[in-house]
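The values are calculated or read from the model by the stated rules, or taken from the named source; none is laboratory data. Please read all numbers here as calculations on a predicted model, not as lab measurements. Counting neighbours? That spans all protein chains shown, and the Cβs are built from the backbone with ideal geometry, glycine included.
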């Protein structure tokens, strides 16, 4: 058996990189436009309720025929069970699933070009979290996905995750 060499390692890494390029060459979705987000309070305390407003406006030239949104708090709040709960959602959705500190729903579709759909979530702040003393910032990370422009059985999709949260969805809890 030949000893292992740096040259062999280079060949193996090149092969793996080539395979990764082939498998990663899936079409990527474009970023979502036409979304707006808001929270009704910039500060809150345990016992208070927050209202998150999530709107999707169709900026495309054809109907959006499928639209999905998932929202959860960013770290460290996403690790803290029981400090707050999503209680309900209302508005232009066909369904809504709330599970502790997150929610998922489908906007009512179709959404014509220039039209919009809005969903509101009610969040109950229940306790001061245990991860540290003093106030903390509760921020939310929405994920939006939609499909539009179906031509010949093919549709165009867009999706976006705001993994670091958004300033317009921040509330300081004290």
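Quick notes on this structure:
- Qualifying residue in the stretch 39-57 (condition: touching a helix residue (DSSP H, G or I) at 6+ places or on another chain (Cβ under 9 Å), within 17 Å of residue 174 (Cα to Cα), modelled with pLDDT of 95 or more and assigned to a strand (DSSP E or B)): yes
- Residue 74 passes every criterion in (1) modelled with pLDDT of 90 or more; (2) in contact with a helix residue (DSSP H, G or I) (Cβ under 7 Å, 6 or more places away or on another chain) apart from (2).
Every residue, every condition in (1) within 18 Å of residue 37 (Cβ to Cβ); (2) modelled with pLDDT of 90 or more; (3) touching a helix residue (DSSP H, G or I) at 6+ places or on another chain (Cβ under 8 Å), yes or no:
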site: 83; (1), (2), (3): no, no, yes
site: 86; (1), (2), (3): yes, yes, no
site: 89; (1), (2), (3): yes, yes, no
site: 92; (1), (2), (3): yes, yes, no
site: 96; (1), (2), (3): yes, yes, no
site: 106; (1), (2), (3): yes, yes, no
site: 123; (1), (2), (3): yes, yes, no
site: 126; (1), (2), (3): no, no, no
site: 129; (1), (2), (3): no, no, yes
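- Near pairs, Cβ below 7 angstrom, 6+ apart or cross-chain, from the stretch 77-106 (at positive phi and free of Cβ contacts under 8 Å to residues at least 24 places away in the same chain) to any residue that is in a loop (DSSP other than H, G, I, E, B) and surrounded by fewer than 15 Cβ atoms within 10 Å (Cβ to Cβ): 100/81
- Check on residue 32, outside any loop (DSSP other than H, G, I, E, B), in contact with a strand residue (DSSP E or B) (Cβ under 6 Å, 6 or more places away or on another chain), buried (at least 17 other Cβ atoms within 10 Å of the Cβ) and at pLDDT below 95: no
- Being farther than 21 Å from residue 46 by Cβ and either over 15 Å from the mean Cα position of the chain (by Cα) or at pLDDT 90 or above (or both) is a property that residue 133 lacks.
- Being at pLDDT 90 or above, touching a strand residue (DSSP E or B) at 6+ places or on another chain (Cβ under 9 Å) and either within 30 Å of residue 62 (Cα to Cα) or surrounded by 13 or more Cβ atoms within 10 Å (Cβ to Cβ) (or both) is true of residue 102.
- Out of 83, 141, 67, 109, sole residue that is within 19 Å of residue 47 (Cα to Cα) and surrounded by 14 or more Cβ atoms within 10 Å (Cβ to Cβ): 83
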